[in-house]
Structures are given as structure tokens and as C-alpha cells.
Amino acid sequence: MLPDFGWLSAAVETATGWPGLGIIFVYSFLIAFALPGVSEIVLLAPLNLGLSETGRLAVITLVTGVGKAAGSVFAFHIGQEVKEAGPVIRFLRRSRFDVIEWSERRTVDIAQKWGYAGLAVALSIPFFPDTLSIYAFAVLEEDYAKFAAATFVGSVGRLVVTVVGVGTVLSIV
């Protein structure tokens, strides 16, 4: 049984003021490597920073991107350690669902075709859990700086796509 992190999502959805940015950063950091769920809920935070709506969304997007990039680098480090841990890889390969083979195959396809840009694109898909992509790339790649940049771009891209998509739907309705 996994612990319930609903309280953290609720904290993000009710985060106000500048301290709320700290909550958004921590949530984004944790969702990159450990928490189930989607990162788009940060857009619901009623921060009330004294900025325009565009400014508020820009600050949330920037803080989320930095938090998720930092969490992804942590996941990247874990992936590098796991890559060296033969027993962990052997256990995962023997499991009922060969997560390693599936993620390696998909990730290798993306990495060979688009490299780190492929990671950024994969992370830009709204409402899709990105932890699998992060860990799959973490096991296969070795450049911390490029990995952090790709996860930052992907995280920002995801929120931009979400805001534009929701705005477009609302303008039609």
C-alpha cells in the first residue's frame, strides 16, 4: 500500500502568497521522482502574488519547471545508481511485467530519434504521468546538465500546453 499524498495536492491547490511558491516547488520536486499524480494542479494554486494572471501563471510555471528539473536530477542520480546495481535490474527483468525491457525499448526509440528533445516532448504531454519517462531516460543517459535542461523544458512545455489548451476549449465553449 502506498501512502496517501492527497494532503500535498490539497496544499498546492490552496497555496497562497509567496510561501505558496515553496509548496509548489516541493510538490514539483517530489512529483518528478516519487509521487503519483499529475503536475498540472499547480495551475490551480490561488497564489495572489499581486501580479496579473499571466504573471502569476508565468511564476508558477517557472517555479514548477525548476522544481521538477531538480527532482528529475535526483531521479537521474537514482537511475545511475540502479544502473550499477545488478540485482535490482535482474529482479525487474524477472518480474511479471518487464518494465525495464518495455521502458528501454520505448526510450531507446525516442532517444535515438530525438535525443533529449524527445524527453522534453514526452514530458510536455499534459496529464500523463512523467515519472516513467524520467526514470527510463535516467537509466539510459549520462549527462546531468542536458537531462535537467530537457526536464525543465518539458515541464514548462506541459504547463504552457495545458494553459493554451484549456484556454482554447473555454473560448470555444
field: Nearest-10 value in Å² for the accessible area of TYR144, using the 1.4 Å probe
entry: 100
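Give the ranking of GLU53, GLU141 by solvent-accessible surface, highest area first, calculated with a 1.4 Å probe.
Numbers: GLU53 105, GLU141 40 Å².
Result of the area sort, largest leading: GLU53, GLU141.
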query: Once the whole set of protein chains is in place, how much accessible area is left on ILE110, using a 1.4 Å probe, in Å² to the nearest 10?
result: 50
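The values are calculated or read from the model by the stated rules, or taken from the named source; none is laboratory data. All figures in this text were calculated on a predicted structure; none of them were measured in a lab. Note: areas computed on protein heavy atoms with side chains; ligands, DNA, RNA excluded. Shrake-Rupley method; radii C 1.70, N 1.55, O 1.52, S 1.80 Å.
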